[in-house]
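Below you will find the structure I want to go over with you.
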Amino acid sequence: MSHQVLARKWRPKNFDTLVGQENTVQALVNALDQERLHHAYLFTGTRGVGKTTLARILAKSFNCEKGISSKPCGVCSACVSVDKGNFIDLIEVDAASNTKVDEMRELLENSQYAPTSGRFKVYIIDEVHMLSNSAFNAMLKTLEEPPEHIKFILATTDPKKVPVTVLSRCLQFNLKQMTIEKISNHLDMILTDEEIKFEKKALGLIAKCARGSMRDALSLTDQAIAYSGNEISENKVSEMLGIVDNNFLIDILFKISEDKGEELIEIAHGMNDKNIALDSTLIDLAKLIHEISVYQVTSGRNLNLQGDKEIKQLSKLYSPETLQLLYQIVINGKKDIYLAPDLLTGFNTTLLRMLAFFPTLQTEKLESKLVGKKVAPPNQSLEEKKSSQIEVKNEVKETLEFDGNWHNLVNNLKLGIANALAQECEFKAYQNYIFELTLDSNKGHLMQDNYVEKLEESLINHFNKKIKVKIFVDEVKTTPAIKTSEEKSKLLKETESAMMKDGFVKDLIENFDAQVVPTSIEPLNNKGQ
Ligand SMILES: [Zn+2]
């Protein structure tokens, strides 16, 4: 089957079929219909967004034998020959290969002559920023006093390199990068018309890879047709593009949230067996984490995400702070992966690092890790804090006197159902065996008789004294809950900045078995609960 290159076959021949540049098209259409013609136009924008395509449609609009119009007829000899690329009054120059001033001068000397067959002589100068200064000067003279029959259409990916004197004489249009959605929909339309089977997700992958360029998207689609045979499938396309099935990455994030290290490593080995490029996969993983973060702040509005459902779920499993931390870990992992003995080791290490830093909300688990294991937390302050807590505990038991540290006391009481109440209380005073406490007015619902009784009971058991509790509901400055939340927030920040320092992460991994600090990092959104 002979196959014409899609980009050429589907190059838009009129404004109606040009995708993704609605604003520019609207402005040009209005100007043409009202015959408000300028003598020089400049189209700017990244590669493959349609600059020269637009220039050619405009050239047809100027020269259509049926009259100047935003809807060139497409059948007159002018329209047909512009489409074929042999219209004698359309001069296309690629400035990237015509930078010499002599050629430019010669070109412009010819511009003095009237058009041979058309209404206007149209000069399309692509990559105009590549012209030499003297070539620009030669062009400027024509631009300053343009003959009536001349139209310049300039295109550039780099307008900053075009002299202001030239810019100021042009009507400028900045063409937009095309969105993944627009590219994907356009491919859908073309393939449907070409009667080529495809999976919609495959088009999403191609569109993503094309980075805003429709031309690249079409050329990738050509490749995909050749590569896939019968049907352009997601699998085939990811194979062709050497990109990872997002499902692997989504799986990884779920396993981390479930604290399933073994399965995490299995996924990594599976990916390695499939010859997936583990180094560039980390970039995809960082992108996915970023997408989840974006989802959190936008609640998924205006997003064009693949696997929306999973991203939504993941956005609920991770706090924004944790996502920031994981993002840093992945980016660092990418940097370090070439220093690892091999890619798989580097990749695994990054996954384990993410797992280590994922906040474990179950405090019992934290405690059990603390006990009996050699504790080597990289964060001194926490180690100190923990050990001082243990000391306090012993002290309290011996002396049975309240040392004024309510926060420590609460953490050492066997509170059961009264824990939430105690956590939200600020210590006011302790005298004559009466604890006076203030309950956070936002937590008034915790003021329940059975909670208060239980708190009293715990204090009595702890101090072995007939203790009473008086609780007032009011505004509070600091409670164990607030303090814990602040400490965690500080710890997370410290950890994050420590992450950035060389050596730290290595130590962490070497001491991986004793990950007390990382697992104790809880998301900040616990604050105020
Ligand atoms: Zn025509």
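Bear in mind these aren't lab numbers, they're just calculated from the coordinates by the rules spelled out. Please read all numbers here as calculations on a predicted model, not as lab measurements. For neighbour counting, all protein chains shown are included, and Cβ atoms are generated from backbone atoms with ideal geometry for every residue, glycine included.
Assuming R0 = 41 Å, what is the FRET efficiency of residue 185 and residue 80, from their Cβ-Cβ distance, to the nearest 0.05?
0.90
As an exercise, identify the trypsin sites (Lys or Arg not before Pro) in the stretch 443-484 lying in DSSP coil whose Cβ has no more than 10 other Cβ atoms within 10 Å.
466, 477
Could you rank the peptides 191-203, 210-222 by their average count of other C-beta atoms within 10 Å per residue, with the highest value first?
With the highest mean Cβ count within 10 Å placed first, the list reads 210-222, 191-203.
Given the pairs 51/287; 443/466; 197/312; 84/197; 255/334, which span a C-alpha to C-alpha distance of over 22 angstrom in this model?
51/287; 443/466; 197/312; 84/197
Follow-up question, since we're still on this one. Just want to confirm a number: the relative contact order over the stretch 393-482, from Cα pairs under 8 angstrom separated by 6+ residues, in percent.
Details: 131 pairs, mean separation 32.4, N = 90.
Here the relative contact order equals 36 percent.
Here's a follow-up. Residue 106 to residue 266: FRET efficiency via 1/(1 + (r/R0)^6), r the Cβ-Cβ distance, R0 51 Å, to the nearest 0.05? Present the calculation step by step, with values, prior to reporting the outcome.
On the way: r = 68 Å, r/R0 = 1.33.
Using R0 = 51 Å, I get an efficiency of 0.15.
How large is the charge dipole for the stretch 246-357, taken about the Cα centre, if only the Cβ atoms of Lys, Arg (+1) and Asp, Glu (-1) carry charge, to the nearest 20 debye?
In total the dipole reaches around 400 debye.
In cubic angstrom, how much convex hull volume per residue do the alpha carbon atoms of the stretch 180-241 span? Mind showing how you got there, number by number?
Numbers: hull volume 3.9 nm³, N = 62.
Hull volume normalised by residue count: 62 Å³.
Among the listed pairs 316/493; 141/182; 260/454; 9/201; 13/151, which have their C-alpha atoms separated by more than 31 angstrom in this model? Please list the in-between numbers first.
Numbers: 316/493 21 Å; 141/182 41 Å; 260/454 37 Å; 9/201 24 Å; 13/151 19 Å.
Cα-Cα > 31 Å for 141/182; 260/454; rest within.
Need the C-alpha centroid separation for the stretch 23-91 versus the stretch 408-471, integer Å.
Measuring centre to centre over Cα atoms gives 80 Å.
Describe numerically, in nm with one decimal, the distance between label points set 7 Å from Cα along Cα→Cβ at residue 26 and at residue 114.
Result: 3.9 nm between the two label points.
Quick one: what are the phi-derived ³J(HN,Hα) couplings along the stretch 192-199, Karplus 6.51/-1.76/1.60 with θ = phi - 60°, whole Hz, x for glycine and proline?
Computed from phi, the couplings for the stretch 192-199 are 4, 5, 7, 6, 10, 6, 7, 9 Hz.
Over the stretch 6-174, what is the relative contact order in whole percent, taking alpha-carbon pairs under 8 Å and six or more residues apart?
29
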